[in-house]
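Asks: Have a look at this one.
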Amino acid sequence: MIRKITDQDKESYIKLASEFYKTDAVLHDVPREYFENTFQELMRSETYAVAYIMEYEKQIAGYALLAKTFSQEAGGMVLWIEELYLLEKYRSAGLGREFFEFLEKEKDQSVKRIRLEVEDYNKRAIQLYKRMGFKPLEYIQMIKE
């Protein structure tokens, strides 16, 4: 089951996000304050971000954090899948596919593109993303902090 995050999910979300930021999928850990700031924004509005909790047999199995942006190149809104994390024991249970099917069905019509990042080593995720219609981009992203 996939549902929008609620006030009652705060500690579960922070615990899951903290675990995610200790994996090889991210470059470095972040302070708890960042997770709390994100949660406050999620509860404040859905203008910039939205999050979902994934459950399996009534147990929290993971979460997804999406960011929203406008792109001239895409011709409209873009949903960035910022974070998609499933606890190890729930991987390969169909929750990833369920999430993408849910997202396609529930996304607003103004969304013209869905985007995500994945590490080269994460072959299972890459195969799932390809089956769901994602293609690699042919350029390098850069940031300035």
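The values are calculated or read from the model by the stated rules, or taken from the named source; none is laboratory data. What you are looking at is a predicted structure, and each value in this text was computed from that prediction instead of being measured. Reconstructed Cβ throughout: ideal geometry from the backbone, glycine too, with neighbour counts over all protein chains shown. Side chains are part of the model used for accessible areas, which takes the heavy atoms of the whole protein and leaves out ligands, DNA and RNA. Shrake-Rupley method; radii C 1.70, N 1.55, O 1.52, S 1.80 Å.
Asks: For the chain, what is the accessible area per residue in Å², given a 1.4 Å probe and the full set of protein chains?
Replies: I get 68 Å² per residue for the chain.
Asks: For a paramagnetic label modelled at 7 Å from the Cα of Trp80 toward its Cβ, which residues of region 21-58 fall within the zone defined by backbone nitrogen distances under 11 Å?
Replies: 49
Asks: Among (1) 54, 37, 29; (2) 37, 33, 32; (3) 37, 30, 28, which is the computed Cα extents along the principal axes in Å?
Replies: From the options (1) 54, 37, 29; (2) 37, 33, 32; (3) 37, 30, 28, the structure gives (2).
Asks: Relative contact order of region 78-145, please, whole-number percent, based on alpha carbon pairs below 8 angstrom and at least 6 residues apart. Before the final figure, lay out the partial values.
Replies: Values: 26 pairs, mean separation 30.0, N = 68.
Across region 78-145, relative contact order equals 44 percent.
Asks: I've got another one for you. Can you give me the relative contact order of the chain as a percent, contacts being Cα pairs under 8 Å and 6 or more apart?
Replies: Numbers: 161 pairs, mean separation 26.8, N = 145.
Rounded, it is 18 percent for the chain.
Asks: Where in region 1-90 are there GluC sites (Glu not before Pro) that are in a DSSP coil and have at most 15 other Cβ atoms within 10 angstrom of their Cβ? Could the numbers behind the result be given before it?
Replies: Working: sites: Glu11, Glu19, Glu33, Glu36, Glu41, Glu46, Glu55, Glu57, Glu73, Glu82, Glu83, Glu88; in loops: Glu46, Glu57, Glu73.
In loop regions of region 1-90 (DSSP not H, G, I, E or B), the sparsely surrounded GluC sites (Glu not before Pro) are Glu46, Glu57, Glu73.
Asks: List the chymotrypsin sites (Phe, Trp or Tyr not before Pro) within region 65-127 that fall in a DSSP loop (any state other than H, G, I, E or B) and whose Cβ has at most 10 other Cβ atoms within 10 Å. Walk me through the intermediate numbers first.
Replies: Working: sites: Phe70, Trp80, Tyr85, Tyr90, Phe99, Phe100, Phe102, Tyr121; in loops: Tyr121.
Taking region 65-127 and a limit of 10 other Cβ atoms within 10 Å, the loop chymotrypsin sites (Phe, Trp or Tyr not before Pro) found are Tyr121.
Asks: Then there's this: Would you please give the residues with an amide H less than 5 Å from that of Gly62, counting only those at least 5 places away or on a separate chain, with H modeled from the backbone geometry?
Replies: Result for Gly62 returns Met54, Leu87.
Asks: Return the calculated 222 nm mean residue ellipticity for the chain, to the nearest 500 deg cm²/dmol, obtained by summing -39500 (n - 2.57) across DSSP H runs with n ≥ 4 and dividing by the residue count.
Replies: Value at 222 nm, helices only, nearest 500: -9500 deg cm²/dmol.
Asks: Quick one: with all protein chains in place, what share of the accessible area of region 38-145 is carbon or sulfur, to the nearest percent (1.4 Å probe)?
Replies: Details: 3560 of 7470 Å².
Carbon and sulfur together cover 48 percent of it.
Asks: Another question about this same structure. Using the structure shown, select from Lys4/Lys105; Lys4/Lys68; Lys22/Lys107; Lys112/Lys135; Lys10/Lys89 the pairs with a Cα to Cα distance greater than 23 angstrom.
Replies: Values: Lys4/Lys105 14 Å; Lys4/Lys68 15 Å; Lys22/Lys107 29 Å; Lys112/Lys135 15 Å; Lys10/Lys89 21 Å.
Where the Cα-Cα span goes over 23 Å, the pairs concerned are Lys22/Lys107.
Asks: With θ set to phi - 60° and the Karplus curve 6.51 cos²θ - 1.76 cosθ + 1.60, what are the ³J(HN,Hα) couplings of region 73-82 in order, to the nearest whole Hz, using x for Gly and Pro?
Replies: Running phi through 6.51 cos²θ - 1.76 cosθ + 1.60 with θ = phi - 60° gives 4, 7, x, x, 6, 10, 9, 9, 7, 5 Hz.
Asks: Still on this structure, I have one more. Please compute the Cα-Cα pair-distance distribution of region 80-145 with 10 Å bins starting at 0, giving whole percents from short to long.
Replies: Each 10 Å bin holds this share of Cα pairs: 15, 52, 27, 6.
Asks: Do any trypsin sites (Lys or Arg not before Pro) in region 90-145 lie in a DSSP loop with no more than 10 other beta carbon atoms within 10 Å, and if so, which?
Replies: Working: sites: Arg91, Arg97, Lys105, Lys107, Lys112, Arg113, Arg115, Lys123, Arg124, Lys130, Arg131, Lys144; in loops: Arg91, Lys107, Lys144.
Listed in order of number, the matching sites are Lys144.
Asks: Give, rounded to the nearest 20 debye, the magnitude of the charge dipole that region 66-125 has about its Cα centre when Lys and Arg contribute +1 at Cβ and Asp and Glu contribute -1 at Cβ.
Replies: Details: 11 positive and 12 negative charges, 31 e Å.
My answer is approximately 140 debye.
Asks: Can you compute the charge dipole magnitude of region 1-118 about its Cα centre, using +1 on each Lys and Arg Cβ and -1 on each Asp and Glu Cβ, nothing else charged? Give it in debye, rounded to the nearest 20. Show your work: numbers first, answer last.
Replies: Details: 17 positive and 22 negative charges, 49 e Å.
The dipole of region 1-118 has a size of about 240 debye.
Asks: Please compute the Kirkwood hydrodynamic radius over region 1-64, one decimal place, Å, based on all pairs of different Cα atoms. Walk me through the numbers before you get to the answer.
Replies: Values: mean 1/r = 0.0814 Å⁻¹.
Taking the inverse mean of 1/r over all distinct Cα pairs, region 1-64 comes out at 12.3 Å.
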